[in-house]
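Have a look at the structure below before the remarks.
The values are calculated or read from the model by the stated rules, or taken from the named source; none is laboratory data. Here the structure is a predicted model, which is why all the values come from computation and not from measurement. Reconstructed Cβ throughout: ideal geometry from the backbone, glycine too, with neighbour counts over all protein chains shown. Note: accessible area is taken over every heavy atom of the protein model, side chains too, but ligands, DNA and RNA are not part of it. Shrake-Rupley method; radii C 1.70, N 1.55, O 1.52, S 1.80 Å.
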Amino acid sequence: MTVKRAAELLSTAGSGLALTGAGVSAESGIPTFRGEGGLWTKYDPVKVASIDYFMADPSAYWTSSRERARVALAARPNPGHRALAALEAAGHLVAVVTQNTDGLHQDAGTRRVIEVHGSGRTVQCLDCDNREPRSAVQARLDSEMPPRCAVCGGTFLKPTVVLFGEAMPQAAVGDAFALARAADVILIVGSSLAVYPAADIPVVAIRSGARSIIVNAEPTPLDPVADVVIHGRAGDVLPEIVELIGG
Ligand code: OAD
């Protein structure tokens, strides 16, 4: 019944918006941060993913992020990502705002992806600003640690992701909140809604009058105020919603 109600809400949305988190990529093999098996149950995020840690020792940063990047770079979109792309293509979503940095929404075919925590697919030299694909840097880590800039030789090559202690990308955050204020339906998928300001995006949408749907494996702080709450796997639930709308 709840899946049917979610399909009804999305099928009549004129400015539907999705907000996604790590849970949407879990079925692609990328570990989440919190919840069962989450990364931050094994690592201290302030240690391995903060700008201070990176600036103090880029080699230590790259050594710890190397394995995670290998997994993320090899990952493929799953049925959850593809269902979101289908909802956009059918006009039920205007965009996907994501906290993820894995690029899988783009790979699945979503046209308007707003990455509020940046992208892990690109690496930037903090000395000369040159950018190159993460895959190219990843490929030379065996012979170069820390990796060096291909242009200036600098040793501060940083993935264009937002680390703890860094500012969020202003344009993306501005777009995300503008879309939230204009949304008539907000679909929240695979996020613990524990990290701000991203977790405020659905709050702003709901306060501005949007109906809300949550698809998440575990309870979230917004469950009590959401119109529809589905506790399940994104890769199971989202294709069901798409099928119900299509049928
Ligand atoms: P979290 O790891 O905090 O939350 C992921 C949520 O997805 C959890 O509530 C899980 O229960 C749920 N989940 C797991 N598998 C799922 C599945 N197959 N289908 C649906 N839900 C599933 O991830 P985020 O909320 O994205 O920040 O975390 C927010 C931010 O915290 C990240 O962007 C990252 C991290 O620090 C930065 O890197 C700046």
Would you pick out the residues in the range 79-100 that are within 14 Å of the chain's Cα centre (by Cα) and either open to solvent by 30 Å² or more (accessible area, probe 1.4 Å) or not aliphatic (A, V, I, L, M) (or both)?
-> 80, 81, 98, 99, 100
How many residues are open to solvent by 40 Å² or more (accessible area, probe 1.4 Å) and of a type in the set (Gly, Ala, Ser) if we restrict to the range 137-173?
-> 6
Kindly check whether there is at least one residue in the range 3-13 that is more than 20 Å from residue 160 (Cβ to Cβ) and within 10 Å of the ligand (Cβ to nearest atom).
-> no
Kindly indicate the residue of the range 1-51 that is at pLDDT below 95 and of a type in the set (D, E, K, R) and also surrounded by the most Cβ atoms within 10 Å (Cβ to Cβ) among those meeting that condition.
-> 34
Candidate set: the range 192-207, residues that are under 23 Å from residue 242 (Cα atoms) and open to solvent by less than 10 Å² (accessible area, probe 1.4 Å); chosen: the one nearest to the ligand (Cβ to nearest atom) | 202
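Yes or no, residue by residue, for (1) open to solvent by 30 Å² or more (accessible area, probe 1.4 Å); (2) within 20 Å of the chain's Cα centre (by Cα); (3) within 13 Å of the ligand (Cβ to nearest atom); (4) at pLDDT 95 or above:
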position: 209; (1), (2), (3), (4): yes, no, no, yes
position: 218; (1), (2), (3), (4): yes, yes, yes, yes
position: 225; (1), (2), (3), (4): yes, no, no, yes
position: 231; (1), (2), (3), (4): yes, yes, yes, yes
position: 238; (1), (2), (3), (4): no, yes, yes, yes
position: 242; (1), (2), (3), (4): yes, no, no, yes
position: 245; (1), (2), (3), (4): yes, no, no, yes
